[in-house]
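The values are calculated or read from the model by the stated rules, or taken from the named source; none is laboratory data. Note that this is a predicted model, so its numbers are computed, not measured. Quick reminder, even Gly has a Cβ in these numbers, built from the backbone with ideal geometry, and neighbours come from all protein chains shown. Side chains included, ligands, DNA and RNA excluded: accessible areas come from the protein's heavy atoms. Shrake-Rupley method; radii C 1.70, N 1.55, O 1.52, S 1.80 Å.
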Amino acid sequence: MTVIRSVVFNAAFYLNLIVQMILWTPIYFLSPRKFAWFVPRFWSRSSLWLQRWLAGTKSHITGTENLPEGPFILAPKHQSFWDTIAFFPYLDDPLYILKRELTWIPFFGWYIQKMRMIPVDRGKRSVALKAVIAATNKEMARNPRQLIIYPEGTRRPPGDVPDYKHGIVELYAGLNLPVVPVAHMAGLYWPRRKFLRHSGTIVARFLPPIPAGLSKAEFRRRLISETEAACDAILVETATGPNPPPLPPTAQRRLQELGVALPAQG
């Protein structure tokens, strides 16, 4: 049943993306940028609706009271494609830092460019980081926005050893904005590099913001410790709850480190 539901959901997900990009194109590109955000938001909500009813996976996001007014940096854990689409409906005017190659994709890249995202050349990291900070500061001065950046850079398996990049630290210092960490275990339900989608409830939490103005070392320490502690709590809650999803080796290992008895895997 999981395989069948996964195949049906994946087909519906990509068909939904293609149809909506084509259907909304005239309205999207003729509308003012901020008004046009309703199109990606509608796509996000419809995708999560499809995931719920076709794959049996609900999304439960809490902590919205922790989102500050005005500009800030949102720093989600990165495990799944789910965490690239689930959060921006909660933001007034989100801004992504993303791979430049994504802007070259027909239709999808045009949609990205409409929203004035910040493309980055990941092959030249030191030069790219300075350019990104400058471009983000320029965009923030033009329109106060909410910057979404994934501190670990690439998707990592649930429970894996954290690997926070230095870029988030430099952005925090260079932009002088509060940072809202986001904890979740979406990779248990929508795993990276796999087509299976597992039923259950993805729990995600917007954590209390880390204020601007801390030293780089203190910010990094707080970001890692607060995010990972919340992710551990969600992992334990998920693994010990009713009908847990299949746990990858990284999650099983982390549960052992936390002293949690491993649930039977069915």
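If I filter segment 34-64 down to residues being open to solvent by 30 Å² or more (accessible area, probe 1.4 Å) and more than 26 Å from PRO158 (Cβ to Cβ), which single residue comes out as farthest from the chain's Cα centre (by Cα)?
Residue satisfying both the conditions and the ranking: PHE35.
What number of residues in segment 170-217 are touching a Ser or Thr at 6+ places or on another chain (Cβ under 7 Å), basic (Lys, Arg) and at pLDDT below 95?
Number of matching residues: 1.
Name the residue that is modelled with the lowest pLDDT, counting only residues in segment 20-33 that are surrounded by 12 or more Cβ atoms within 10 Å (Cβ to Cβ) and assigned to a helix (DSSP H, G or I).
MET21
This table checks each residue for (1) at pLDDT below 85; (2) under 30 Å from ARG205 (Cβ atoms); (3) open to solvent by less than 20 Å² (accessible area, probe 1.4 Å); (4) of a type in the set (A, V, I, L, M, F, W, C).
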site: LEU91; (1), (2), (3), (4): no, yes, yes, yes
site: TYR96; (1), (2), (3), (4): no, yes, no, no
site: PHE107; (1), (2), (3), (4): yes, no, no, yes
site: LYS114; (1), (2), (3), (4): no, no, no, no
site: VAL120; (1), (2), (3), (4): yes, yes, no, yes
site: LYS124; (1), (2), (3), (4): yes, no, no, no
site: GLU139; (1), (2), (3), (4): no, yes, yes, no
site: ARG142; (1), (2), (3), (4): no, no, no, no
site: ILE148; (1), (2), (3), (4): no, yes, yes, yes
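Does ARG45 meet the test of being of a type in the set (Lys, Arg), closer than 23 Å to ARG192 by Cβ and assigned to a helix (DSSP H, G or I)?
Yes, satisfied.
Select from segment 70-88 the residues that are more than 12 Å from the chain's Cα centre (by Cα) and outside any strand (DSSP E or B) and write down the one among them that is nearest to ARG155 (Cα to Cα).
PRO71
Out of segment 137-166, which residues are part of a helix (DSSP H, G or I) and in contact with a Pro (Cβ under 8 Å, 6 or more places away or on another chain)? Even if it seems obvious, please write down each step before you answer.
Taking segment 137-166 and keeping what is part of a helix (DSSP H, G or I), we get 137-142.
Result: MET140, single match.
Out of PRO162, PRO208, PRO181, PRO157, which single residue is open to solvent by less than 20 Å² (accessible area, probe 1.4 Å) and closer than 28 Å to GLY241 by Cβ?
PRO181
Does segment 1-14 include one or more residues that are in contact with a Gly (Cβ under 8 Å, 6 or more places away or on another chain), touching a residue at least 12 places away in the same chain (Cβ under 8 Å) and part of a helix (DSSP H, G or I)?
Looking through segment 1-14, at least one residue is in contact with a Gly (Cβ under 8 Å, 6 or more places away or on another chain), touching a residue at least 12 places away in the same chain (Cβ under 8 Å) and part of a helix (DSSP H, G or I).
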